[in-house]
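**Student:** Here you go, one structure.
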Amino acid sequence: MTLFTELKSASATEWDDYVHHDFVEQLGQGALALPSFQDYLVQDYLFLIQFARAYALSAYKSRSLDEIKLSADGLALILKETELHIGLTERWGIDRATLESTPEKMGTVAYTRYVLDCGMAGDLLDLEVALAPCTIGYAEIGADLAARFSPAPDHPYVEWITEYAGEDFQQGAQLAIERIDSLAGGHLSDKRRAELSEIFRKATVLEADFWQQALD
């Protein structure tokens, strides 16, 4: 069992609330109201800016070139995500300047600053565990939606589903799982496991709150 699997199991209810949130289900069905998706996507763009900072912090916290490279790969994946967001919002007449000048909502602030605080106050493992619900969860959601709904080209959110179900994000998620195990080293005390479990649980709850923010 990987450490990620252990953490997910310990927060099974919170994880299910996140990956099967009403926002996710409606998106997969193609029934999600466009204004909710637009609101989410704009906030997620701002979210990704902060997550790019988190990956830069991950590189700073790293102690080897291999670890720095993994952080750089994660940052590259985040930057690739922003391209999807920019492409979609431009179709709605929202230019990049408008996108970047939109205020962050409180759910966006709460989640991203929590992750950055975990990284600043803790070590690299704390940061990677705080990032995991996003880096690994989105790949799980994308693969699940693609398998259950097999979105056709005319599905309103086919690009989003395809992006996260795609090979790049699936490989990125697997690397994140392996990195958490590598950083843990297989020698964690009960106290340390409890600390990491709480970080993971809080980050997962904040992910679900981020979906809810768009529905609200």
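**Student:** Which one of these is under 22 Å from Q43 (Cβ atoms), touching a residue at least 60 places away in the same chain (Cβ under 8 Å) and not charged (D, E, K, R): V205, V129? Show your work before the answer.
**Tutor:** Numbers: V129 fails: under 22 Å from Q43 (Cβ atoms).
Within the list V205, V129, the selection yields V205.
**Student:** Follow-up question, since we're still on this one. Can you find even one residue in the range 141-154 that is closer than 27 Å to S71 by Cβ and of a type in the set (S, T, Y)?
**Tutor:** no
**Student:** Right, next: How about the range 206-216: which of its residues are under 14 Å from the mean Cα position of the chain (by Cα) and crowded, with 19+ Cβ neighbours inside 10 Å? Outline the logic, then answer.
**Tutor:** In the first step, residues of the range 206-216 are kept if they are under 14 Å from the mean Cα position of the chain (by Cα); the result is 206-211.
Across the range 206-216, the qualifying residues are L206, E207, A208, F210, W211.
**Student:** Moving on to the next point. Tally the residues that are in a loop (DSSP other than H, G, I, E, B) and surrounded by fewer than 17 Cβ atoms within 10 Å (Cβ to Cβ), restricting the search to the range 79-113.
**Tutor:** Our first condition is that a residue be in a loop (DSSP other than H, G, I, E, B); within the range 79-113, this holds for 92-95, 102-105.
Remaining after also requiring surrounded by fewer than 17 Cβ atoms within 10 Å (Cβ to Cβ): 92-93, 95, 102-104.
Qualifying residue count, the range 79-113: 6.
**Student:** Which residue is surrounded by the fewest Cβ atoms within 10 Å (Cβ to Cβ), if the candidates are limited to the range 1-34 and must be among the hydrophobic types (A, V, I, L, M, F, W, C) and without any contact (Cβ under 8 Å) to a residue 24 or more places away in the chain? If you could, list the steps in order and put the result at the bottom.
**Tutor:** Applying the first criterion (among the hydrophobic types (A, V, I, L, M, F, W, C)) to the range 1-34 yields 1, 3-4, 7, 10, 12, 15, 19, 23-24, 27, 31-34.
Right, trim to without any contact (Cβ under 8 Å) to a residue 24 or more places away in the chain and you get 1, 12, 31, 33.
Numbers: M1: 7, A12: 9, A31: 10, A33: 11.
The extreme case among them is M1.
**Student:** Of everything in the range 1-14, what is hydrophobic (A, V, I, L, M, F, W, C) and touching an Asp or Glu at 6+ places or on another chain (Cβ under 9 Å)? Give them in sequence order. Spell out the reasoning first.
**Tutor:** Residues of the range 1-14 that are hydrophobic (A, V, I, L, M, F, W, C), as a first pass: 1, 3-4, 7, 10, 12.
Listed by number, the residues that qualify are L3, F4.
**Student:** Give the range 173-196 a look and list any residue that's modelled with pLDDT of 95 or more and of a type in the set (D, E), or say none.
**Tutor:** Selection gives E195 alone.
**Student:** Can you name the number of the only condition in (1) surrounded by 13 or more Cβ atoms within 10 Å (Cβ to Cβ); (2) over 14 Å from the mean Cα position of the chain (by Cα); (3) under 23 Å from D181 (Cβ atoms) that L65 fails?
**Tutor:** Unmet condition: (1).
**Student:** Next question, about the same structure. Name the single residue that is surrounded by the fewest Cβ atoms within 10 Å (Cβ to Cβ) among those in the range 162-202 being in contact (Cβ under 8 Å) with a residue 60 or more places away in the chain and β-branched (V, I, T).
**Tutor:** Result: I177.
**Student:** Yes or no: the range 57-69 includes at least one residue that is touching a helix residue (DSSP H, G or I) at 6+ places or on another chain (Cβ under 7 Å), within 16 Å of Y45 (Cβ to Cβ) and in contact (Cβ under 8 Å) with a residue 60 or more places away in the chain.
**Tutor:** no
The values are calculated or read from the model by the stated rules, or taken from the named source; none is laboratory data. This one's a predicted model, so the numbers in the text were calculated from it and none came from an experiment. Here Cβ is always computed from backbone atoms with ideal geometry, including for glycine, and neighbour counts include all displayed protein chains.
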